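The values are calculated or read from the model by the stated rules, or taken from the named source; none is laboratory data. Since we're looking at a predicted model, the values are computed, not measured. Glycine also receives a Cβ, built like all others from the backbone with ideal geometry; neighbour counts cover every protein chain displayed.
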Amino acid sequence: MTLHDLALAVGNSGVGAWMRSNLHAMPVVEATHVLAAATVLGTVLVVDLRLLGFTDRKRAVTVVSREMLGFTWAGFVLAVITGVMMFAANANTYYGNTAFRIKLLLLAAAGLNMAIFNLGALRSVVQWDLQQRTPRAARVAAALSVLLWVSVIFVARWIGFTKGYDFAVPDNVDLDLTIP
Amino acid sequence: MQHFAQWLQATPLSIAIQSTSWLIPLLQSIHIVMIGLVFVAVLLLVLRVLGLARTDELPSVVWSRFAPWLRRGVIVLALTGLVLIISEPVREFTAISFWLKMLLLALGLSAIAVLGKALRRDAPASRGLAVLTLLVWIAVIFFGRAIAYDVEVWGALSFKA
């Protein structure tokens, strides 16, 4: 099974059919996706700005991050569920959409950045939990995190403007003549 | 209103924004990033009132931590929103969701101002109002997205139907 087969299977699933047949589905699911994305971005930013030493300087890094973690994950899970639902509605179009593909790569990069931070710099957090100035590795991870998550939002919004028009017409083809 | 929207849509400024292909997606992206800031600021202020977050800090400390996010975020949202309205006034002004969003936005801003007054003085704030404030802001986000789907959401009630 190729990735394209998987995409088509999602599109042909009951979820895809339901999304296409229910008039209210798309606006409600999209609005929920925005709310979920806003929660992920905002809560991630709270932690990243603490790591960068801009805000919450007197609060322990672990306190700030533990407080936000539940909201970040709740928002992320909700964003994935609503995202898959939107994908299912137009699977083939999304599959071939460059902005969509870049968004998935950026999401993977954001996840990788978080994993590296968790397995690396964060392991010694007891030593710098209350310090205003965190280790360089932590600051780099936080800066990358801000950059990647903001990019995810930008590229995601771009999908809506390229969907369906994301193809190159060969020079020798006159589109008007191909319409019967 | 319809005439005003059509007039605005035909102004050189509106046409200039409409015809700059990357401008609208860029402004919408900034708008969404700012929604993240403002929504999480509202969320944490509400949770502080409810005693569910940052209880180790005085309410006034939590207010001064998130009020700047709220203030600056709302300013950027208003500016990007204004340019987006100028670019597509007919689409916005004929949408029920747009007017409902504006009404809820006024309520949401007033509610957070009332909560802020209590938080700043470390005085007890209404828990019911806190919950209501969060719900109103969630509704603002929902109806913001629903502007693009007025007929789908409102059916025969929509002016566009």
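Here are some notes:
- Looking only at region B:55-73, residues that are among the small types (Gly, Ala, Ser) and in contact with a Gly (Cβ under 9 Å, 6 or more places away or on another chain) come to 2 in all.
- Among the residues examined, B:Leu77 qualifies as touching a His at 6+ places or on another chain (Cβ under 7 Å), crowded, with 16+ Cβ neighbours inside 10 Å and at pLDDT 95 or above.
- Of all the numbered requirements in (1) more than 14 Å from chain B (Cβ to nearest Cβ); (2) under 17 Å from the mean Cα position of the chain (by Cα), A:Thr39 misses one, and that requirement is (1).
- In region A:70-118, the residues that are over 30 Å from A:Leu23 (Cβ atoms) and either over 16 Å from the mean Cα position of the chain (by Cα) or among the β-branched types (Val, Ile, Thr) (or both): A:Gly70, A:Thr72, A:Ile102, A:Ile116, A:Phe117, A:Asn118
- Out of A:Trp149, A:Trp128, one residue alone is over 17 Å from the mean Cα position of the chain (by Cα) and either at negative phi or without any contact (Cβ under 8 Å) to a residue 24 or more places away in the chain (or both). It is A:Trp128.
Residues are listed down the side, and each one gets a yes or a no for (1) within 14 Å of chain A (Cβ to nearest Cβ); (2) surrounded by fewer than 21 Cβ atoms within 10 Å (Cβ to Cβ):
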{"position": "B:Ser87", "(1), (2)": "yes, no"}
{"position": "B:Lys101", "(1), (2)": "yes, no"}
{"position": "B:Leu107", "(1), (2)": "no, yes"}
{"position": "B:Ala111", "(1), (2)": "no, no"}
{"position": "B:Leu119", "(1), (2)": "no, no"}
{"position": "B:Ala130", "(1), (2)": "no, no"}
{"position": "B:Val140", "(1), (2)": "yes, no"}
{"position": "B:Arg145", "(1), (2)": "yes, no"}
{"position": "B:Glu152", "(1), (2)": "yes, yes"}
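- Residue within region B:50-57 that is hydrophobic (A, V, I, L, M, F, W, C) and in a helix (DSSP H, G or I) present: yes
- Condition check for A:Arg139: at pLDDT below 95, of a type outside the set (S, T, N, Q) and under 23 Å from A:Leu112 (Cα atoms): no
- Odd one out for B:Val131, checked against (1) over 26 Å from A:Val28 (Cβ atoms); (2) at pLDDT 95 or above; (3) not basic (Lys, Arg): (1)
- Of the criteria (1) over 25 Å from A:Ala91 (Cβ atoms); (2) at pLDDT 95 or above, which one A:Ile153 fails: (1)
- Of the set (1) touching a residue at least 12 places away in the same chain (Cβ under 8 Å); (2) of a type outside the set (A, V, I, L, M); (3) buried (at least 17 other Cβ atoms within 10 Å of the Cβ), all apply to A:Arg157 but (1).
- Pick from region A:42-68, criterion at the interface with another protein chain (Cβ under 10 Å from one of its Cβ atoms) and among the hydroxyl-bearing types (Ser, Thr, Tyr), ranking: surrounded by the most Cβ atoms within 10 Å (Cβ to Cβ): A:Thr43
- Selection of region A:87-109 for residues being assigned to a helix (DSSP H, G or I) and buried (at least 19 other Cβ atoms within 10 Å of the Cβ) yields A:Phe87, A:Ala88, A:Ala89, A:Ala91, A:Tyr94, A:Ala99, A:Phe100, A:Lys103, A:Leu106, A:Leu107.
- Total residues in region B:1-19, condition in a loop (DSSP other than H, G, I, E, B) and either surrounded by 12 or more Cβ atoms within 10 Å (Cβ to Cβ) or modelled with pLDDT of 90 or more (or both): 2
- Scanning region B:44-60 for residues being at the interface with chain A (Cβ under 9 Å from one of its Cβ atoms) and of a type in the set (Gly, Ala, Ser) gives a total of 1.
- Qualifying residue in region B:70-87 (condition: among the charged types (D, E, K, R) and within 17 Å of the chain's Cα centre (by Cα)): yes
- Condition met for A:Val29 (within 12 Å of chain B (Cβ to nearest Cβ), surrounded by 15 or more Cβ atoms within 10 Å (Cβ to Cβ) and farther than 11 Å from A:Met86 by Cα): no
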